[in-house]
Amino acid sequence: MAALIAASAMAVAPVAGTIGMTSVTAMAAITDTAEVSITGLKSGDTVYLYKIVEPSKNANQQWDGWKKVDEAGNTVSIDKSGANLSVDLPELVKLANASTLTADAGTVADSTGKFAKSVTPGVYLAMVIPAANDTDPVIYNPMFLSVSVDDHEAVTGATIKATDSFDTNKITNTTTTITAKAYAKSSTVTLDKVITNKDSDGATDTPASEVKGEDLQKGDTSDFKIKTKFPDYRGYTNLDTITFTLDDNQDEAFGHPSNIVVYAGTTQLAAGTDYTVTYGSYDSDAAYTATTAFSATATADTDEDFKITFTKNTLLMYPASNVTVTYSAVLNAPKIYEEKQENNVQLTYTYKNTTDTNTTTKTSKTTDYSFKVDVKKTDAADNSVLSGATFSLTRQKLTGGKLADMTADDDHALTINTQESTASGADGLVHFTGLDEGYYKIKEVTAPTKGTTKYSVNTEDFYIHVIPTWDTNHTEITGYEIKQVGEDGQEKTTGTSGSVAKESDTYTLTVTDTPVNGLPSTGARSALILTIAGVAVMVTVMAASRKKKIAE
């Protein structure tokens, strides 16, 4: 006797197709039971069974045909020939979601991810619902299980794997016909946001690396990549309601994103056709509530956030495909280390083939850091603070064992000149923010005044080295330090009219000045020694001359 149906060889066309049934010549013991099971589930997922085809018997308890559920939810009798013995999968799933079909009580997968239940002969639609508390649910397409009876009245169940695929012909929707060999019984969604083309000091890497954190200085461009994966929705019936949206929420320190490029596998997708992108601003890094209306174009540099919504056709064209979104953004207003700049992305996607609330979210983030250094201007004689001094800060490169100014052709070339109004004030401080790892030169530009006293410009070049400490995964910075170095890039602790120390969690370079009519601020000791020595020589000469005149 032929089996009722072999689960492993079932043919399914999930949108426009049917399930064909194999007829048998006799049927007995149709009230007996056998175990059906599904492996490869997640522990805690619930499986609901809907009986959609069963053998029927006459008054003599002999098999005389079939009973099936049609697309209207009615039970239809079919003769032994099996003619018209087919079921419409999409319509059955809709009936199941509308509670027109009657499900069993549901069985929860055990700790190994296995569902098992004893049932009577027939074909069953299996709908798997992820656990309510699952923060990383698996997406399940409809599955089918069957129990058959042979000539010896032996009832046989079936086991299927949720990680396998069903054979299928094609999927047809309103605009696209997609030919496919199979659709997955289950699929998972991933999400990861990384920073590309940067190493620990912000320079371009070859080959490109991917990290979760980096340090930047003001004006730097950061290159981001969002990596995700489309589910396989080809077994879903509610195709008009499936959702797959990326909401990228950048820190407000960044300008609006540029050069957004999207790939599904190796195919570049087209904005406006395969997906839509809108720009705006969210409420905060943690809450994805838009505070401005998202529009097709970025209207201002404050529109630093964007949203990508993939079309239904794209999701069906590229099932289970890896997806990448790359873009760039400029750091306009960097925060200091303790605050950091976090850039988040949230994925909202359909994860249940039901009509109730069927979306969930995933998030991922990258972190950017910037640093600051203060310059304190003091009197060389009494260490009192001086106001009115201005300084320049220039990024340096170490070439041939010597520091030199970066040029326009170098990465991160940047000179920050303080404004007079933001120069050393009553506290004697000048603040340089938006620094990243590396070497900088600080040079006094304008000397201060104190009452009627004018001071000379300290002509020394002061070099500092910003050194962050990263965790092992290059995700978070656990601390940083700023050291004073010489022109050779090596740490320098003596022989300078300035020094670096940490004051109130901020590294401060103290630079001294002397009054215009006082000793110079560089080479002061050597000038003093030379002056004293010169006076002694003159006194000796004058004394010798007087003695000579007396002798005469």
Note: region 189-368, point scatterers on Cα, Debye, no solvent; log10 I/I(0) at q = 0.11, 0.15 Å⁻¹ equals -0.47, -0.86
Between the residues THR309, ASN322, THR355, the Cα farthest towards the positive end of the dipole of region 189-368, that dipole coming from +1 and -1 charges on the beta-carbon of Lys, Arg, Asp and Glu, is from THR355
For region 218-307, shape from the Cα gyration tensor axes a ≥ b ≥ c, cut at a/c of 1.5 then a/b versus b/c, turns out prolate
Magnitude of the Cβ-charge dipole (Lys and Arg +1, Asp and Glu -1) of region 286-406 about the Cα centre, nearest 20 debye, reported as 440
Put in order of increasing Cβ neighbours within 10 Å, starting from the fewest, ASP301, ASP247 give ASP301, ASP247
Checked against a 27 Å limit on the C-alpha separation, the offending pairs among LYS335/LYS376; LYS340/LYS483; LYS218/LYS454; LYS372/LYS492; LYS225/LYS483; LYS114/LYS307 are LYS218/LYS454; LYS225/LYS483; LYS114/LYS307
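No lab work stands behind these numbers, since they all come straight from the coordinates. Please read these numbers as outputs of a predicted model, since none were measured by experiment. Don't worry about glycine lacking a Cβ; one is built from the backbone with ideal geometry, like all the others, and counts go over all protein chains shown.
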